[in-house]
Amino acid sequence: MGIAVSYHDTVTKLQGLDGTGAGPFDRLAWFELLETGDIRPLIALAERGGEQLALPLQHQPAGLASLANWFSFTWRPLGQNTDLLTALARDLRSRTHRIDMAPLPAEDGSTAALERAFREAGWWVWRTQCDENHVLPVAGRSFADYWAQRPGKMRTTLKRKAKKVDVDILDRFDETAWRDYQSVYAESWKPAEERADILEQFARAEGAAGRLRLGIARADGVPVAAQFWTVENGTAYIHKLAHVEAAKPLSAGTTLSAALFEQVIDTDKVDLVDFGTGTDAYKRDWMEANRPRYRLTCLDWRQPRAWPAAAKAWARHLAPHNRPS
C-alpha cells in the first residue's frame, strides 16, 4: 500500500493525532490557539493504511518553519512512523527550498528521527543547539527530601522570609487571580508579554481541564509574586513566573516556588518538573538536569534559492572553531 501525502492550510487536520501521553504543545487545542494569530499554517500529512504522521508547519519569508512560538517548550512530529516521515520529507521538496524546525527535543528521539529522514530524502541538514531545558527528575523523593538537597542559601532564605507572604495555589482559572498575575507581571523585570491573549486562553483551557496550577503570593493583601504552572501525565510544566521588582527583598518568588514544588511533588505526585527553555542561572538551583534543544535547518540543494543560505551554513561549519582538533 502506497503512502499518500497531502497539505492543509488549517490545523483542524490534526484532529486525532494528539493522542494520550502528548504534552501541552502537541495538542490540537494548542495549534488552534497559534492559528488565531498572524500565522499561515501548513499541515503536512502522510498516511498509509490508517496510520498518520503530521508535521505542523507555518509559512515564513525564508521558507517553512515549525508551527510554534515563544511560548512553546518543544515542537516535534505528531506520529512516529519513520517511513511516513521520510516520505513527507521527500515530498516537501516540492513545496519549499528551506525548512527550519525548532525547538526539538533529543531525549525522545525526535531530533535524530527528523535529521535522518530529511537526509535520506535528499536535503542538506544542519543541526545546531538553539536552547536548553532544565528539568528535575523527582525520582520518588518527597518535597522534604528534595528541599534538603537545595543550596543552603535557598533554604535559609525560605526559612527567614516564608512568613512575610501568604500563598494561594489554584487548580482552576479565576478572574481575580489572573488579574493579580497580570499586575505582578506588569511590575516585574520582564518585558511586555507578546500575544498575552494566547497565554490567557491557554490558562483558561488548562483550568477547565484541571491541569492549571496558578500560584499567587501576597504581602499585606497585595500581589507581589505570581507563577503559572500546569500538570499532566506525570510532568509539571513551569510556564511563567514573575515578582514585583520593588518587593524583591521579600523573596516572595522563592517562597512561592517552594510552595508550588511541594504541591506538585507531594500532592500531584509528578515524576518530572520541566522548567521550559532558557539559560537563566537561577534555574540550576531548582533543577538537577539540563537537556539540549535543537534547531534543524534543511536546505534543498537542487533549488537555487537555497544556495545563499547553504553557502553561509557551510562557511560556519568549516570555520576554524568548528573543525575537529
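The values are calculated or read from the model by the stated rules, or taken from the named source; none is laboratory data. These figures come from a predicted structure and were not determined experimentally. Methodologically, a virtual Cβ is constructed for each residue, glycine included, from the backbone with ideal geometry; neighbour enumeration extends over all protein chains shown. Accessible surface is based on the protein model in full, side chains and every heavy atom, while ligands, DNA and RNA are left aside. Shrake-Rupley method; radii C 1.70, N 1.55, O 1.52, S 1.80 Å.
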Query - Which listed residue is more than 18 Å from Tyr185 (Cβ to Cβ), in a strand (DSSP E or B) and touching a strand residue (DSSP E or B) at 6+ places or on another chain (Cβ under 7 Å), from Ala236, Ala259, Ala242 - result: Ala236
**Report entry** Restricting the range 168-192 to residues that are part of a helix (DSSP H, G or I) and aromatic (Phe, Trp, Tyr), the residue that is most open to solvent (accessible area, probe 1.4 Å)
**Finding:** Tyr185
Query raised in the report: Can you tell me which residue in the range 73-113 is surrounded by the most Cβ atoms within 10 Å (Cβ to Cβ), limited to those that are under 18 Å from the mean Cα position of the chain (by Cα) and in a helix (DSSP H, G or I)?
Result: Thr111
**Report entry** Selected residue (only one of Asp271, Asp266 is farther than 26 Å from Val125 by Cα, open to solvent by 90 Å² or more (accessible area, probe 1.4 Å) and within 27 Å of the chain's Cα centre (by Cα))
**Finding:** Asp271
Query - Tally, over the range 223-249, of residues that are hydrophobic (A, V, I, L, M, F, W, C) and surrounded by fewer than 19 Cβ atoms within 10 Å (Cβ to Cβ) - result: 1
Query raised in the report: Mind checking which residues of the range 186-209 are touching a residue at least 40 places away in the same chain (Cβ under 8 Å) and farther than 18 Å from Thr230 by Cα?
Result: Glu187, Ser188, Trp189, Lys190, Glu194, Arg195
Report summary line: Within the range 114-151, residues part of a loop (DSSP other than H, G, I, E, B), closer than 30 Å to Thr297 by Cβ and open to solvent by 50 Å² or more (accessible area, probe 1.4 Å) come out as none
Report task. May I ask you to list pairs of residues, at least six apart or on different chains, whose Cβ atoms are under 9 Å apart, with the first in the range 154-167 being farther than 20 Å from Met287 by Cα and outside any helix (DSSP H, G or I) and the second being open to solvent by less than 30 Å² (accessible area, probe 1.4 Å) and modelled with pLDDT under 95? Result -> Val165/Ala247
Query raised in the report: Is the range 289-297 home to any residue that is closer than 24 Å to Val184 by Cβ and surrounded by 14 or more Cβ atoms within 10 Å (Cβ to Cβ)?
Result: no
Requested in this report: Taking the options Ala65, Ala54, Ala44, name whichever one is open to solvent by less than 40 Å² (accessible area, probe 1.4 Å), part of a strand (DSSP E or B) and more than 24 Å from Phe202 (Cβ to Cβ).
Outcome: Ala44
Query raised in the report: Pick from Asp38, Asp91: which is in contact (Cβ under 8 Å) with a residue 60 or more places away in the chain, on the phi < 0 side of the Ramachandran plot and out of contact with any helix residue (DSSP H, G or I) (no Cβ under 6 Å at 6 or more places or on another chain)?
Result: Asp91
